[in-house]
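The values are calculated or read from the model by the stated rules, or taken from the named source; none is laboratory data. Keep in mind it's a predicted model, so treat the numbers as computed, not measured. Ideal geometry is used to build each Cβ from the backbone, glycine not excepted, and the neighbour counts take in all protein chains shown. Note: accessible area is taken over every heavy atom of the protein model, side chains too, but ligands, DNA and RNA are not part of it. Shrake-Rupley method; radii C 1.70, N 1.55, O 1.52, S 1.80 Å.
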Amino acid sequence: MSARLINAQEEERTRLARELHDDLSQQIAALSIATSNLKADIPEEQAGARAQSDRLQENLAGLAEGIRRLSHELHPAVLEDAGLAAALRSYCSEFSSLTGVRVALEVEGSFGGVPSAVSLCIYRIVQEALQNVAKHARVTDGSVQLKRSPGILSLTIADRGAGIPLDWIGAAAGLGLVSIKERTRLVNGAVRIQSMPNQGTTITVTIPADNWIVATPR
(Lines give C-alpha, C1' and ligand atoms only; values in the text may rest on other atoms or scores of the structure.)
Protein backbone atom coordinates (compact mmCIF):
# COMPACT_ATOMS: atom_id res chain seq x y z
CA MET A 1 0.00 0.00 0.00
CA SER A 2 2.80 2.42 0.88
CA ALA A 3 4.58 1.70 -2.38
CA ARG A 4 1.40 2.25 -4.37
CA LEU A 5 0.64 5.54 -2.62
CA ILE A 6 4.15 6.93 -3.06
CA ASN A 7 4.25 5.77 -6.69
CA ALA A 8 0.88 7.45 -7.37
CA GLN A 9 2.12 10.62 -5.67
CA GLU A 10 5.24 10.73 -7.83
CA GLU A 11 3.22 10.15 -11.00
CA GLU A 12 0.90 13.03 -10.10
CA ARG A 13 3.86 15.28 -9.29
CA THR A 14 5.37 14.48 -12.69
CA ARG A 15 2.09 15.26 -14.44
CA LEU A 16 1.68 18.58 -12.63
CA ALA A 17 5.29 19.55 -13.31
CA ARG A 18 4.79 18.85 -17.00
CA GLU A 19 1.59 20.92 -17.07
CA LEU A 20 3.34 23.82 -15.35
CA HIS A 21 6.27 23.71 -17.74
CA ASP A 22 4.47 23.00 -21.00
CA ASP A 23 1.31 25.06 -20.44
CA LEU A 24 1.63 27.85 -17.88
CA SER A 25 5.26 28.65 -18.63
CA GLN A 26 4.50 28.94 -22.34
CA GLN A 27 1.51 31.18 -21.68
CA ILE A 28 3.59 33.48 -19.49
CA ALA A 29 6.32 33.62 -22.15
CA ALA A 30 3.69 34.63 -24.72
CA LEU A 31 2.34 37.32 -22.39
CA SER A 32 5.84 38.67 -21.83
CA ILE A 33 6.41 38.93 -25.59
CA ALA A 34 3.03 40.64 -26.04
CA THR A 35 3.87 43.11 -23.28
CA SER A 36 7.21 43.89 -24.92
CA ASN A 37 5.48 44.47 -28.26
CA LEU A 38 2.92 46.69 -26.57
CA LYS A 39 5.65 48.81 -25.00
CA ALA A 40 7.23 49.33 -28.42
CA ASP A 41 4.00 51.00 -29.57
CA ILE A 42 3.84 53.38 -26.61
CA PRO A 43 5.23 56.86 -27.45
CA GLU A 44 8.34 57.93 -25.54
CA GLU A 45 6.49 60.87 -23.98
CA GLN A 46 4.06 58.53 -22.22
CA ALA A 47 6.57 57.69 -19.54
CA GLY A 48 3.97 56.43 -17.06
CA ALA A 49 2.55 53.88 -19.48
CA ARG A 50 6.02 52.67 -20.45
CA ALA A 51 6.98 52.32 -16.77
CA GLN A 52 3.81 50.31 -16.14
CA SER A 53 4.72 48.06 -19.06
CA ASP A 54 8.15 47.49 -17.51
CA ARG A 55 6.56 46.56 -14.18
CA LEU A 56 4.26 44.09 -15.92
CA GLN A 57 7.25 42.43 -17.55
CA GLU A 58 9.08 42.25 -14.23
CA ASN A 59 6.04 40.67 -12.58
CA LEU A 60 5.74 38.14 -15.40
CA ALA A 61 9.43 37.28 -15.05
CA GLY A 62 8.96 36.75 -11.30
CA LEU A 63 5.90 34.57 -11.94
CA ALA A 64 7.81 32.50 -14.50
CA GLU A 65 10.65 31.95 -12.02
CA GLY A 66 8.18 30.91 -9.31
CA ILE A 67 6.58 28.38 -11.66
CA ARG A 68 10.02 27.08 -12.66
CA ARG A 69 10.92 26.49 -9.00
CA LEU A 70 7.58 24.81 -8.29
CA SER A 71 7.95 22.56 -11.33
CA HIS A 72 11.46 21.65 -10.19
CA GLU A 73 10.20 20.84 -6.69
CA LEU A 74 7.47 18.61 -8.08
CA HIS A 75 9.67 16.73 -10.52
CA PRO A 76 13.46 17.29 -10.49
CA ALA A 77 14.37 16.85 -14.16
CA VAL A 78 18.00 17.49 -13.26
CA LEU A 79 17.93 14.18 -11.38
CA GLU A 80 17.39 12.34 -14.66
CA ASP A 81 19.56 14.64 -16.79
CA ALA A 82 22.62 15.16 -14.60
CA GLY A 83 22.43 12.55 -11.84
CA LEU A 84 21.95 12.44 -8.09
CA ALA A 85 25.00 14.44 -6.99
CA ALA A 86 24.29 17.31 -9.39
CA ALA A 87 20.61 17.34 -8.43
CA LEU A 88 21.46 17.63 -4.74
CA ARG A 89 23.96 20.42 -5.39
CA SER A 90 21.33 22.33 -7.35
CA TYR A 91 18.65 21.80 -4.70
CA CYS A 92 20.83 22.69 -1.72
CA SER A 93 22.04 25.85 -3.45
CA GLU A 94 18.51 26.95 -4.31
CA PHE A 95 17.23 26.01 -0.84
CA SER A 96 19.92 28.16 0.78
CA SER A 97 19.13 31.16 -1.40
CA LEU A 98 15.40 30.90 -0.72
CA THR A 99 15.45 30.20 3.03
CA GLY A 100 18.69 31.78 4.23
CA VAL A 101 19.71 28.45 5.77
CA ARG A 102 23.22 27.64 4.57
CA VAL A 103 23.63 24.00 3.63
CA ALA A 104 27.07 22.39 3.59
CA LEU A 105 26.87 19.56 1.06
CA GLU A 106 29.49 16.82 0.99
CA VAL A 107 29.38 14.16 -1.73
CA GLU A 108 31.78 11.24 -1.77
CA GLY A 109 31.96 8.39 -4.26
CA SER A 110 30.46 7.55 -7.64
CA PHE A 111 26.70 7.35 -8.13
CA GLY A 112 26.60 5.83 -11.57
CA GLY A 113 24.29 2.83 -11.69
CA VAL A 114 22.15 3.93 -8.77
CA PRO A 115 18.56 2.97 -9.67
CA SER A 116 16.23 5.89 -10.39
CA ALA A 117 13.94 4.85 -7.54
CA VAL A 118 16.83 5.02 -5.07
CA SER A 119 18.03 8.38 -6.42
CA LEU A 120 14.52 9.80 -6.13
CA CYS A 121 14.22 8.39 -2.60
CA ILE A 122 17.44 10.17 -1.55
CA TYR A 123 16.38 13.40 -3.23
CA ARG A 124 12.93 13.44 -1.61
CA ILE A 125 14.38 12.67 1.83
CA VAL A 126 16.80 15.59 1.51
CA GLN A 127 13.90 17.83 0.49
CA GLU A 128 11.77 16.76 3.43
CA ALA A 129 14.57 16.93 5.99
CA LEU A 130 15.80 20.37 4.93
CA GLN A 131 12.26 21.74 4.89
CA ASN A 132 11.95 20.54 8.49
CA VAL A 133 15.22 22.30 9.33
CA ALA A 134 13.92 25.55 7.85
CA LYS A 135 10.55 25.29 9.61
CA HIS A 136 11.44 23.93 13.03
CA ALA A 137 15.16 23.87 13.83
CA ARG A 138 15.63 27.66 14.23
CA VAL A 139 19.16 27.57 12.80
CA THR A 140 21.00 29.25 9.94
CA ASP A 141 23.18 26.25 9.03
CA GLY A 142 22.68 22.59 8.18
CA SER A 143 24.63 19.82 6.51
CA VAL A 144 23.99 17.05 4.01
CA GLN A 145 26.45 14.22 3.44
CA LEU A 146 26.00 11.61 0.72
CA LYS A 147 28.51 8.77 0.52
CA ARG A 148 28.82 5.75 -1.73
CA SER A 149 31.15 3.08 -0.40
CA PRO A 150 31.43 -0.62 -1.25
CA GLY A 151 28.12 -2.24 -0.46
CA ILE A 152 26.37 0.79 1.01
CA LEU A 153 24.87 4.14 0.13
CA SER A 154 24.57 6.46 3.12
CA LEU A 155 22.90 9.83 3.58
CA THR A 156 23.16 12.08 6.63
CA ILE A 157 21.24 15.32 7.20
CA ALA A 158 22.15 17.20 10.37
CA ASP A 159 21.57 20.47 12.18
CA ARG A 160 22.34 21.90 15.61
CA GLY A 161 18.94 23.39 16.23
CA ALA A 162 15.94 22.97 18.49
CA GLY A 163 15.65 19.20 18.11
CA ILE A 164 12.60 16.99 17.55
CA PRO A 165 10.17 16.10 20.36
CA LEU A 166 10.74 12.48 21.35
CA ASP A 167 7.14 11.47 20.60
CA TRP A 168 7.57 12.72 17.00
CA ILE A 169 10.36 10.22 16.41
CA GLY A 170 8.33 7.21 17.46
CA ALA A 171 4.79 6.14 16.68
CA ALA A 172 3.42 9.68 16.75
CA ALA A 173 5.86 10.94 14.11
CA GLY A 174 4.72 13.77 11.89
CA LEU A 175 3.95 13.19 8.23
CA GLY A 176 7.41 14.35 7.17
CA LEU A 177 9.21 11.76 9.27
CA VAL A 178 6.69 9.09 8.28
CA SER A 179 7.40 9.85 4.62
CA ILE A 180 11.15 9.58 5.21
CA LYS A 181 10.74 6.22 6.95
CA GLU A 182 8.40 4.80 4.30
CA ARG A 183 10.55 5.91 1.37
CA THR A 184 13.61 4.36 3.01
CA ARG A 185 11.79 1.11 3.68
CA LEU A 186 10.67 0.84 0.06
CA VAL A 187 14.28 0.77 -1.16
CA ASN A 188 15.24 -1.83 1.43
CA GLY A 189 17.06 0.77 3.54
CA ALA A 190 17.18 1.74 7.18
CA VAL A 191 16.74 5.13 8.81
CA ARG A 192 17.99 6.35 12.19
CA ILE A 193 16.84 9.60 13.76
CA GLN A 194 18.82 11.06 16.65
CA SER A 195 17.69 14.25 18.35
CA MET A 196 18.18 16.12 21.60
CA PRO A 197 16.45 19.33 22.77
CA ASN A 198 18.50 22.35 21.70
CA GLN A 199 21.30 20.09 20.46
CA GLY A 200 20.00 19.37 17.01
CA THR A 201 18.87 16.47 14.87
CA THR A 202 20.68 13.94 12.74
CA ILE A 203 18.88 11.74 10.22
CA THR A 204 20.93 8.86 8.83
CA VAL A 205 19.72 6.73 5.94
CA THR A 206 21.60 3.65 4.77
CA ILE A 207 20.71 1.64 1.68
CA PRO A 208 22.48 -1.59 0.71
CA ALA A 209 24.14 -1.17 -2.69
CA ASP A 210 25.47 -4.64 -3.46
CA ASN A 211 22.14 -5.87 -4.72
CA TRP A 212 19.63 -3.09 -5.15
CA ILE A 213 16.16 -4.12 -3.99
CA VAL A 214 13.32 -1.74 -4.67
CA ALA A 215 9.76 -2.41 -3.59
CA THR A 216 7.29 -2.13 -6.45
CA PRO A 217 3.58 -1.36 -6.16
CA ARG A 218 1.18 -4.25 -6.62
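Details
- Residues considered: R68, R89. Of these, the only one that is in contact with a strand residue (DSSP E or B) (Cβ under 9 Å, 6 or more places away or on another chain) and open to solvent by 50 Å² or more (accessible area, probe 1.4 Å) is R89.
- Selection count, the range 78-103, where residues are free of Cβ contacts under 8 Å to residues at least 24 places away in the same chain and more than 18 Å from G142 (Cα to Cα): 4
- Neighbours by Cβ (under 7 Å, 6+ apart or cross-chain): first from the range 116-143, without any contact (Cβ under 8 Å) to a residue 60 or more places away in the chain; second open to solvent by 40 Å² or more (accessible area, probe 1.4 Å) and in a helix (DSSP H, G or I): A134/T99
- Enumeration of residues in the range 118-157 that are of a type in the set (G, A, S) and open to solvent by 40 Å² or more (accessible area, probe 1.4 Å): A134, S143
- For the range 27-79, the tally of residues that are under 30 Å from I122 (Cβ atoms) and either among the aliphatic types (A, V, I, L, M) or in contact with a Leu (Cβ under 9 Å, 6 or more places away or on another chain) (or both) stands at 12.
- Lone qualifier among R102, R18, R89 - being in contact with an Asp or Glu (Cβ under 7 Å, 6 or more places away or on another chain) and within 30 Å of L146 (Cα to Cα): R102
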